[in-house]
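Visitor: Quick one: structure below, then a few questions.
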Amino acid sequence: MPPVFPMLTVLSMFYYMCLRRRARTATRGEMNSRRAIESNTRALPINVEIVQYAKEVLDFSSHYGSENSMSYTMWNLAGIPNVYPSSGDFTQTAVFRTYGTWWDRCPSARLPFTRTPSTFCSQDYVELAFEEPVYPTAVHILETYHPGAVVRILACSANPYSQNPPAEVRWEILWSEAPTKVNGPQARQFTPCIKQINFPTNLIRLEVNSSLLDYYTELDAVVLHGVKERPVLSLKTSMIDMSDIDEDEDEEKFACGMDTLNKQFSIVTLREWPTNGYFDKLPYELIQLILSHLTVPDLCRLAQTCKLLYQHCCDPLQYIHLSLQPYWARINDTSLEYLQSRCTLIQWLNLSWTGNRGAISVSGFSRFLKVCGSELVRLELSCGHFLNETCLEVITEMCPNLQELNLSSCDKIPPQAFNHIAKVGSLKRLILYRTKVEQTALLSILNFCSELQHLSLGSCVMIEDYDLIASMMGAKCKKLRSLDLWRCKNITESGIAELASGCQLLEELDLGWCPTLQSSTGCFTNLARKLPNLQKLFLTANRSVCDTDIEELAANCTHLRQLDILGTRMVSPASLRKLLESCKDLSLLDVSFCSQIDNRVVLELNANFPNVFIKKSFTQ
């Protein structure tokens with residue numbers, strides 16, 4: 001006879017959920033938003049609240065500015081506001097490198113990892129240190145242009161100014177929400193309702209997703225409110241939002257599932273059933289397909305149910321593609337150790353953002369790759385500050401089939417370490433954005449990695465002669481399809497000529513903020529004539545771009561989809577009309593701060609070419 005659950009039991013369960021919800025220390029969502037709920041929670045006793053601006057920017061994943069200036073860099077988040085409450089595009093603010101979905105729609109776009117949990121949507125981050133550790137009561141984010149990118153705020157238990165490193169580093173989510181579209185680019189103070197935590201913090205991390213924005217988001221300052229003594233909560237009856245309960249449950253499952261990565265599963269402790277029900281009738285491959293839709297924490301939990309599912313959940317075929325980036329705060333040496341037996345067939349591995357502050361050691365990383373590196377084709381290590389020369393040496397020795405390597409913002413790797421990359425002759429994609437790669441190492445890489453199709457050298461400030469680099473690319477990298485030279489400080493028309501002559505398959509070229517390129521030398525017209533397959537061309541902040549260059553693009557690069565000529569004074573509306581009429585696939589045209597293109601012209605072009613996003617930035 002099947003068990004019967006009386007209504008009393010159901011009501012008891014609901015009552016328990018209500019009590020548990022009231023015990024939460026904070027609600028989610030922005031004040032006055034559709035998710036805000038009055039919690040009627042009071043702190044006893046009342047402490048004097050400390051208000052402080054960020055003292056220092058400790059770490060970040062990207063920024064629009066250069067490494068040797070303050071304009072548009074993350075370092076502008078330290079200290080008091082520079083711009084707020086003004087709105088507009090200001091160089092004194094912090095700006096991330098990308099916005100919108102344009103970067104996902106160009107030749108260099110990478111395929112996404114499957115199994116990424118829906119609750120993780122962060123694209124960039126910045127970590128801020130404050131003077132005094134406090135129990136946070138509020139976080140104010142001063143956004144001055146195109147707000148709405150912040151999707152998560154976290155607090156860390158580690159004090160960056162302490163002389164004694166902690167035995168354990170904990171991160172707690174203070175607030176999290178999916179990306180939202182904010183009406184209008186005007187400045188605002190963003191103050192979401194944050195969760196109370198049980199440790200003091202002076203290290204706050206903001207994570208952003210700019211995919212819904214029409215332009216770069218700009219942040220001016222972050223204000224942390226908090227008290228020195230831990231508040232004691234008094235519970236009062238509050239309204240219950242059932243969707244909040246669901247999200248809290250998800251957060252607990254996330255924590256529980258990732259903690260399971262650090263525990264070895266023992267077969268003998270699993271209950272053995274006489275039959276496995278309908279699972280016995282399903283083909284092995286079908287069960288594998290069903291489980292392929294689960295996230296990594298879900299697999300870890302499911303593996304604890306019975307021997308059959310343990311076998312399926314530990315099958316290396318479930319870990320062909322593995323992204324641990326969503327769980328960066330909980331991944332450590334122990335996690336990698338217990339994943340080793342499951343990852344012997346792994347081909348794609350994403351360890352971006354993981355391992356910092358001692359969570360992953362060089363020896364732990366090396367042990368993992370020695371077991372799991374033989375089949376690796378793609379390795380994402382963005383912002384992996386634990387990486388050193390030994391790690392790169394292990395990568396080149398243990399990953400003979402590697403085709404894609406992302407070392408973006410790995411700024412702790414010493415310059416000489418990059419020489420090891422030249423040993424991986426099969427590389428097709430190499431991302432060295434914001435690294436300390438030097439000229440000698442890069443020349444060696446280009447000489448031996450002739451299969452390269454995608455190369456990012458944005459903000460690589462230690463390269464002395466980009467003309468020599470461009471010449472080597474033209475001679476050796478005939479298959480190059482995308483090249484990022486963002487903020488390359490010394491390339492000239494000579495290097496551009498060598499590049500255009502040798503790399504005629506180029507479909508994407510970023511020459512933004514390259515001050516040594518001048519239109520009068522004919523470098524841009526040469527590009528247009530030699531590279532007919534161009535789909536994306538960024539000439540950002542080059543004031544010399546003129547009508548002749550635009551007309552050459554219209555005549556020769558009819559497949560053009562994205563063009564950025566921000567800041568030019570020499571382009572007229574007439575040449576833009578020719579471009580738009582010729583390039584039928586054009587979807588992005590940035591004419592911000594182009595002195596001849598006023599708002600009236602933009603409105604006219606928008607009306608005649610509605611399929612093109614024409615961006616005109618402003619400053620008030």
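Visitor: What percentage of the solvent-accessible surface of the chain, computed with a 1.4 Å probe over protein heavy atoms, is contributed by carbon and sulfur atoms?
Guide: 53
Visitor: Using a 1.4 angstrom probe on the protein heavy atoms only, could you order GLU451, GLU498 from most to least accessible area?
Guide: I get GLU498, GLU451, largest accessible area first.
Visitor: Which residue, chosen from TYR310, CYS106, GLY65, occupies the Cα position most advanced towards the positive end of the dipole of the chain, where the dipole is computed from +1 (Lys, Arg) and -1 (Asp, Glu) charges on Cβ about the Cα centre?
Guide: Towards the positive end, the residue furthest out is TYR310.
Visitor: If I take every Cα pair under 8 Å that is 6 or more residues apart in the stretch 483-619, average their sequence separation and divide by the length, what percent do I get for the relative contact order?
Guide: RCO, the stretch 483-619: 18 percent.
Visitor: Loop-only check: which GluC sites (Glu not before Pro) in the stretch 268-369 are DSSP coil with at most 11 other Cβ within 10 angstrom?
Guide: In loop regions of the stretch 268-369 (DSSP not H, G, I, E or B), the sparsely surrounded GluC sites (Glu not before Pro) are GLU272.
Visitor: Report relative contact order for the chain in percent, whole number only (criteria: Cα-Cα under 8 Å, sequence separation at least 6).
Guide: 10
Visitor: So if I take the centroid of the Cα atoms in the stretch 372-439 and the same for the stretch 112-133, what is the distance between those two points in Å?
Guide: A separation of 23 Å, based on Cα centres.
Visitor: Any chance you could look up the accessible area of VAL57 with a 1.4 Å probe, heavy atoms only, rounded to 10 Å²?
Guide: 20
Visitor: Further question: Can you compute the helix-only [θ] at 222 nm over the chain? Use -39500 (n - 2.57) per DSSP H run of at least 4 residues, normalise by all residues, nearest 500 deg cm²/dmol.
Guide: Rounded to the nearest 500, the figure is -7500 deg cm²/dmol.
Visitor: What does a probe at GLU67 reach in the stretch 444-466, counting residues whose amide N is under 18 Å from the point 7 Å along Cα→Cβ?
Guide: 444-446, 455-466
Visitor: Take the alpha carbon atoms of the stretch 483-619, find their radius of gyration, then divide it by 2.2 N^0.38 Å using N residues; give the quotient.
Guide: So the stretch 483-619 has a normalised radius of gyration of 0.97.
Visitor: Rounded to the nearest whole Å², what accessible area per residue is found for the stretch 51-103 with the 1.4 Å probe?
Guide: Value for the stretch 51-103: 37 Å² per residue.
Visitor: Starting at the first residue of the stretch 444-461, write each ³J(HN,Hα) from the Karplus equation 6.51 cos²θ - 1.76 cosθ + 1.60 with θ = phi - 60°, in whole Hz, x for Gly and Pro.
Guide: 5, 4, 5, 5, 9, 9, 6, 8, 4, 10, 9, 9, 10, 10, x, 6, 8, 7
Visitor: Using a 10 angstrom Cβ neighbour count of at most 15 plus a DSSP loop assignment to flag exposed chymotrypsin sites (Phe, Trp or Tyr not before Pro), which longest range of the chain is free of such sites?
Guide: It works out to 266-617.
Visitor: At 1.4 Å probe radius, can you tell me the per residue accessible area of the stretch 319-463 in Å²?
Guide: Accessible area per residue, the stretch 319-463: 30 Å².
Visitor: Okay, moving on. Describe numerically, in nm with one decimal, the distance between label points set 7 Å from Cα along Cα→Cβ at LEU286 and at TYR161.
Guide: Each label point is offset 7 Å from its Cα along the Cβ direction, giving 6.3 nm.
Visitor: Debye sum, Cα scatterers, the stretch 319-463, no solvent: what log₁₀ I/I(0) at q = 0.11, 0.20, 0.21 1/Å?
Guide: -0.36, -1.24, -1.37
Visitor: Give me the one-decimal nm value for the distance between modelled label points at ASN183 and ARG170, 7 Å along each residue's Cα-to-Cβ direction.
Guide: It is 4.2 nm.
Visitor: Report the one residue of ALA359, CYS391, LEU379 whose Cα lies farthest in the direction of the positive end of the charge dipole of the stretch 334-398 (charges on C-beta: Lys and Arg +1, Asp and Glu -1; origin at the Cα centre).
Guide: Sorting the options by dipole projection puts first ALA359.
Visitor: Using the Karplus curve 6.51 cos²θ - 1.76 cosθ + 1.60 with θ = phi - 60°, what ³J(HN,Hα) values do you get for each residue of the stretch 567-576, in whole Hz, with x for Gly and Pro?
Guide: x, 6, 9, 10, 9, 9, x, 4, 5, 5
Visitor: Give me the percent of DSSP beta bridges within the chain that run antiparallel, rounded to the nearest 5.
Guide: If I count the DSSP bridges inside the chain, around 55 percent turn out antiparallel.
Visitor: If each residue of separation counts as 0.36 nm, what is the full-extension length gain between ASP585 and THR521 once their alpha-carbon separation is subtracted?
Guide: Computed gain between ASP585 and THR521 is 20.2 nm.
Visitor: Per 10 Å bin, what is the whole-percent P(r) computed from every C-alpha pair distance within the chain?
Guide: Result returned by the calculation: 3, 15, 23, 25, 19, 11, 4, 1, 0.
Visitor: Rounded to the nearest 0.05, what FRET efficiency do ASN401 and THR275 have when you use their Cβ-Cβ distance and R0 = 56 Å?
Guide: Once rounded, the FRET efficiency stands at 0.85.
The values are calculated or read from the model by the stated rules, or taken from the named source; none is laboratory data. Just so it is clear, the model here is predicted, and its values are computed rather than measured. A quick note on method: Cβ atoms are made from the backbone with ideal geometry, for glycine too, and the neighbour counts reach across all protein chains shown. We work out accessible area using only protein heavy atoms, side chains counted, and drop any ligands, DNA or RNA first. Shrake-Rupley method; radii C 1.70, N 1.55, O 1.52, S 1.80 Å.
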